[in-house]
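The values are calculated or read from the model by the stated rules, or taken from the named source; none is laboratory data. Predicted model only: the values in this text are computed from it and were never measured. Don't worry about glycine lacking a Cβ; one is built from the backbone with ideal geometry, like all the others, and counts go over all protein chains shown.
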Amino acid sequence: MNSTDEPATYTGGCHCRAVRFEVTVAADEYVVFDCNCTICRKKGFLHLIVPPDRFKLLSGEEALMTYTFNTGIARHLFCSVCGIHAFYRPRSHPDCYDVNVRCLDGDAISYFKIEPFDGANWEQNVASLKSVT
């Protein structure tokens with residue numbers, strides 16, 4: 001876990017490095033969610049939801065592709081070169097960014113506590129995510 005009371009900025013991106021970003025994490029945000037819904041299980045996504053002022057796309061906007069399904073609200077972004085889903089715009093917080101902590105550089109994942117989220121029953125559990133951000 002992070003040992004400082006100060007926000008920290010991490011860089012990350014896709015596998016081929018075409019898409020690069022940075023995200024700033026507040027000291028009290030070192031909990032991420034491991035969702036069991038069908039798409040998150042298949043992608044291995046660990047969710048860190050941040051407001052747009054703490055996310056910056058550094059490069060690769062032209063490499064990003066969008067996948068939507070069901071309600072079409074979530075904008076699942078992925079690199080058109082390597083296929084990695086490093087971040088997206090989630091249905092639960094459509095004005096925010098949801099960063100895949102597994103796509104942060106180095107050993108950043110080791111600073112986070114991973115908690116399960118029952119996204120397979122999303123409608124019944126989404127309210128627990130509303131306090132995020």
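Among the residues in the range 99-121, are any outside any strand (DSSP E or B), surrounded by 20 or more Cβ atoms within 10 Å (Cβ to Cβ) and either within 13 Å of the chain's Cα centre (by Cα) or not small (Gly, Ala, Ser) (or both)? The answer is yes, given that some residue of the range 99-121 is outside any strand (DSSP E or B), surrounded by 20 or more Cβ atoms within 10 Å (Cβ to Cβ) and either within 13 Å of the chain's Cα centre (by Cα) or not small (Gly, Ala, Ser) (or both). As for the range 15-24, it holds at least one residue that is under 17 Å from GLY106 (Cα atoms), touching a Cys at 6+ places or on another chain (Cβ under 9 Å) and either modelled with pLDDT under 95 or part of a strand (DSSP E or B) (or both). Between ALA108, ALA120, the distinction of being at pLDDT 90 or above and in contact with a Lys or Arg (Cβ under 9 Å, 6 or more places away or on another chain) belongs to ALA120 only. Of everything in the range 65-97 that is among the aliphatic types (A, V, I, L, M) and loosely packed, with under 13 Cβ neighbours inside 10 Å, the residue that is nearest to GLU22 (Cα to Cα) is MET65. Residues in the range 34-67 that are in a loop (DSSP other than H, G, I, E, B) and within 19 Å of ASN121 (Cα to Cα): ASN36, CYS37, GLY44, PHE45.
Scanning the range 14-29 for residues that are buried (at least 17 other Cβ atoms within 10 Å of the Cβ) and hydroxyl-bearing (Ser, Thr, Tyr) gives no hits.
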